[in-house]
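What follows is a single structure, written as structure tokens, with notes after it.
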Amino acid sequence: MLDINFLRNNLKEIQSNLHKRGFDFDVEAFKKLDSERRNLQVETESLQEKSNILAKEVAQEKNQTTKNQKLKDAKKISTDLKEIKTKLDIALIDLNNFLLGIPNILSEDVPEGKSEDDNKVIYKKGTIPEFSFKIRDHQEIGELSNGINFEESVIIAKSRFVVLRKEIAKLHRALSQYMLDTHVENGYEEIYVPYLVNKNSLEGTGQLPKFEEDLFKISNEEMYLIPTAEVPLSNIYRNKILNSDELPINYVAHTPCFRSEAGSYGKDTKGIIRQHQFDKVELVKFVHPEDSEAELDKLTKDAESILNNLNLPYRKVILCSGDTGFASSKTFDLEVWFPSQKTYREISSCSNFRDFQSRRMKIRIKQSKDNILCHTINGSGLAIGRTLAAILENNQTEQGSVIIPEVLVDYMGGIKELNLSR
RNA sequence: GGAGAGAUGGCAGAGUGGUCGAAUGCGCUCGCUUGGAAAGCGGGUAAGGGGGCAACUCCUUCAAGGGUUCGAAUCCCUUUCUCUCCGCCA
């Protein structure tokens with residue numbers, strides 16, 4: 001959510017900034033909602049004041065006749081007040097819903113563009129492997145020894161879920177352990193969180209009210225399965241005031257993520273790239289506004305370090321205006337190389353939300369005069385399923401085995417190579 | 001799941017219809033004191049919003065939502081959460 005005062009004073013600038021996203025900010029509609037609200041609020045508050053004064057006078061009035069007269073006046077005001085209050089409530093809700101639907105303002109350095117095709121590559125790292133044989137995609141590799149099974153997951157659940165077995169399941173576990181350990185070494189506190197969250201939390205991070213169709217909702221309660229650990233991690237401090245000396249706060253959590261993504265059928269139907277359930281190690285920072293740009297770079301580097309250590313070829317991309325997420329002011333994507341697709345695919349998305357989320361969550365920093373909103377930053381470090389798939393594809397051999405990256409060997413109980421073709 | 005008790009400021013905790021945005025203590029902070037510190041003494045210290053160039057002023061908030069009343073932290077209803085006991089369970 002944007003600062004309403006900032007909005008009032010910078011209407012044109014904000015309109016053109018949001019236009020870069022392809023968002024049409026209706027200035028006239030906003031002005032109308034805001035002035036309606038203001039008129040009603042001024043009127044309500046002055047009536048309330050009268051009512052408060054009269055109520056005090058009634059209490060102190062000794063003369064029975066004047067007291068009765070005042071009681072009569074007070075009753076009249078009370079009725080009027082009730083009426084105008086309902087109008088004000090409606091105006092406030094309308095204005096608030098309008099504000100909740102406005103995306104975040106983009107940073108100046110976000111390149112303009114319409115879709116992901118306009119994202120700008122910042123750099124590429126690692127060497128793209130050359131294969132002298134006909135390569136398999138990660139699904140084929142996994143199926144060699146029944147390490148990846150989609151028939152069983154359909155029986156258990158439905159399509160877009162997966163069952164992993166044996167060394168592949170172990171590799172999946174090894175990856176999350178390795179990532180957690182690495183981030184803890186780099187100064188993040190490991191957190192375990194609920195996988196079901198309430199509506200307020202999802203509103204706080206921006207998934208609701210706009211993107212309900214992407215979520216799985218529990219039918220017997222007002223609860224949702226988390227689409228990312230960003231939601232529980234960020235909401236830890238909802239409605240809290242932080243001391244500036246405890247910042248930055250760095251959290252890491254490993255959770256499953258659940259995404260309904262109703263509109264995405266037909267995309268990435270093969271393999272484990274796009275699933276209703278996947279695991280992810282997530283990084284979240286609460287920072288002072290002055291530090292948020294630098295902290296986004298730090299967090300992105302921390303996510304990159306995993307790719308570097310796993311020797312996976314990747315590139316760093318800055319999302320263009322049209323592709324940057326609703327709540328984000330600036331996003332770097334890390335994209336890993338998939339030999340079977342001959343392309344880079346997103347494996348981490350690192351965003352600076354500035355005060356957009358903290359305004360919704362009311363996370364503030366204690367300051368002598370006025371408290372200020374903190375900034376939130378988060379990013380994947382990394383998506384486990386996609387990392388697993390990338391390792392299978394990039395590290396495959398002609399014999400149908402997969403070389404385990406050195407940093408994972410200990411986590412794999414000493415296994416250096418998966419012999420899948422047996 | 002059943003029975004009971006409760007939810008008040010950063011924390012602890014008083015307050016059961018008007019004098020309450022809320023005693024008191026702790027914490028924090030400023031000043032005095034001191035060679036310096038501690039102790040002591042004195043002052044300040046909730047959040048959000050409206051109006052005003054400003055000094056300032058007004059409104060809201062005692063878990064959340066609704067109700068009664070001229071007036072609600074206080075009375076009534078609903079929901080959520082916490083604690084104790086019983087049951088169940090990993």
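For A:Ile384, A:Ile156, what's the fewest-to-most ordering of other Cβ within 10 Å of each Cβ? Spell out each step's value before the answer.
Working: A:Ile384 24, A:Ile156 9.
Ascending Cβ contact count within 10 Å gives the list A:Ile156, A:Ile384.
Work out how much length A:Val184 to A:Lys210 would gain on full extension: take 0.36 nm times their residue separation and subtract the Cα-Cα distance, in nm to one decimal.
On the way: separation 26, 0.36 × 26 = 9.36 nm, distance 3.36 nm.
Between A:Val184 and A:Lys210, full extension yields 6.0 nm more.
Too long at a 18 Å Cα-Cα cut-off: which of A:Lys170/A:Lys267; A:Lys50/A:Lys85; A:Lys56/A:Lys76; A:Lys330/A:Lys366; A:Lys85/A:Lys210; A:Lys210/A:Lys280? Walk me through the numbers before you get to the answer.
Values: A:Lys170/A:Lys267 27 Å; A:Lys50/A:Lys85 14 Å; A:Lys56/A:Lys76 16 Å; A:Lys330/A:Lys366 26 Å; A:Lys85/A:Lys210 27 Å; A:Lys210/A:Lys280 23 Å.
Flagged as over cut-off: A:Lys170/A:Lys267; A:Lys330/A:Lys366; A:Lys85/A:Lys210; A:Lys210/A:Lys280.
Could you give the size of the charge dipole of the stretch A:26-100 about its Cα centre, using +1 on the Cβ of each K and R and -1 on the Cβ of each D and E, expressed in debye and rounded to the nearest 20? Display every interim value, and only then the final one.
Numbers: 15 positive and 14 negative charges, 113 e Å.
Charge dipole of the stretch A:26-100: 540 debye, to the nearest 20.
Which of these, A:Phe338, A:Phe30, A:Phe278, has the largest mean-square fluctuation under a Gaussian network model of chain A (Cα springs below 10 Å)?
Among A:Phe338, A:Phe30, A:Phe278, the largest mean-square fluctuation in the Gaussian network model of chain A belongs to A:Phe30.
Toward the positive end of the charge dipole of chain A, about the Cα centre and with charges on Cβ (Lys, Arg +1; Asp, Glu -1), which of A:Ile272, A:Phe23, A:Val121 goes farthest?
A:Phe23
Expressed as an acute angle from 0 to 90° and rounded to the nearest 10, what is the orientation of the C-alpha long axis of helix A:64-100 relative to the principal long axis of chain A?
Orientation of helix A:64-100: about 20 degrees from the principal axis.
What does the convex hull of the alpha-carbon atoms of the stretch A:1-152 project to on average, in nm²? Present the calculation step by step, with values, prior to reporting the outcome.
Working: hull surface 79.6 nm².
Value for the stretch A:1-152: 19.9 nm².
Please compute, over every Cα-Cα pair in chain A, the percentage with a separation greater than 29 angstrom.
Working: 48008 of 88831 pairs.
Counting pairs separated by more than 29 Å, the tail of P(r) holds 54 percent.
Can you list the lysines whose alpha carbon sits under 20 Å from that of A:Lys134, skipping same-chain ones fewer than 8 residues off?
The reachable lysines, counting only those whose Cα sits under 20 Å from A:Lys134, are A:Lys270, A:Lys342.
Taking 20 °C and 1.002 mPa s as the conditions, I'd like the Stokes-Einstein D for the stretch A:341-422 in µm²/s, using the Kirkwood hydrodynamic radius from alpha carbon pairs. Please report the intermediate quantities before stating the final value.
Numbers: Rh = 16.5 Å.
For these conditions, the coefficient is 130 µm²/s.
How do A:Tyr192, A:Tyr411 line up, fewest other C-beta atoms within 10 Å first?
Details: A:Tyr192 9, A:Tyr411 19.
Ascending Cβ contact count within 10 Å gives the list A:Tyr192, A:Tyr411.
Of A:Asp214, A:Asp80, A:Asp181, which is the most mobile in a GNM of chain A whose springs link Cα atoms less than 10 angstrom apart?
The residue with the greatest mean-square fluctuation here is A:Asp80.
With angles folded into 0 to 90 degrees, how steeply does helix A:384-394 sit against the dominant principal axis of chain A? Use alpha carbons for both and round to 10.
30
Most exposed first by the Cβ proxy, i.e. fewest other Cβ within 10 Å, how do A:Tyr314, A:Tyr237 rank? Provide the component values of the computation, followed by the final result.
On the way: A:Tyr314 26, A:Tyr237 19.
So the ranking, lowest neighbour count to highest, is A:Tyr237, A:Tyr314.
How big is Rg to Rh over the stretch A:286-419, alpha-carbon atoms, Rh as the Kirkwood inverse-mean-distance radius? Before the final figure, lay out the partial values.
Values: Rg = 18.6 Å, Rh = 16.7 Å.
Dividing the radius of gyration by the Kirkwood radius yields 1.11.
Between the stretch A:300-356 and the stretch A:38-107, what's the alpha-carbon centroid distance in Å?
50
For an R0 of 56 angstrom, estimate the FRET efficiency from the Cβ-Cβ distance between A:Lys124 and A:Asn96 and round to the nearest 0.05. Mind dumping the intermediate values first?
Values: r = 44 Å, r/R0 = 0.78.
According to the calculation, E is roughly 0.80.
Taking the 0 to 90 degree range and rounding to the nearest ten, how far is the long axis of helix A:292-309 tilted relative to the main principal axis of chain A, both from C-alpha atoms?
20
State, as an integer percentage, the relative contact order of chain A based on alpha-carbon contacts under 8 Å between residues 6 or more apart. Write out the running numbers ahead of the final one.
Values: 767 pairs, mean separation 83.4, N = 422.
Worked out over chain A, it gives 20 percent.
Give me the extension gain from A:Thr86 to A:Lys50: residue separation times 0.36 nm, minus the current Cα-Cα distance, reported in nm with one decimal.
Numbers: separation 36, 0.36 × 36 = 12.96 nm, distance 1.80 nm.
Answer, rounded to one decimal: 11.2 nm.
Bear in mind that the values in this text are calculations on the coordinates, not laboratory data. All figures in this text were calculated on a predicted structure; none of them were measured in a lab. Positions of Cβ are backbone-derived with ideal geometry, glycine not excepted, and every protein chain shown enters the neighbour counts.
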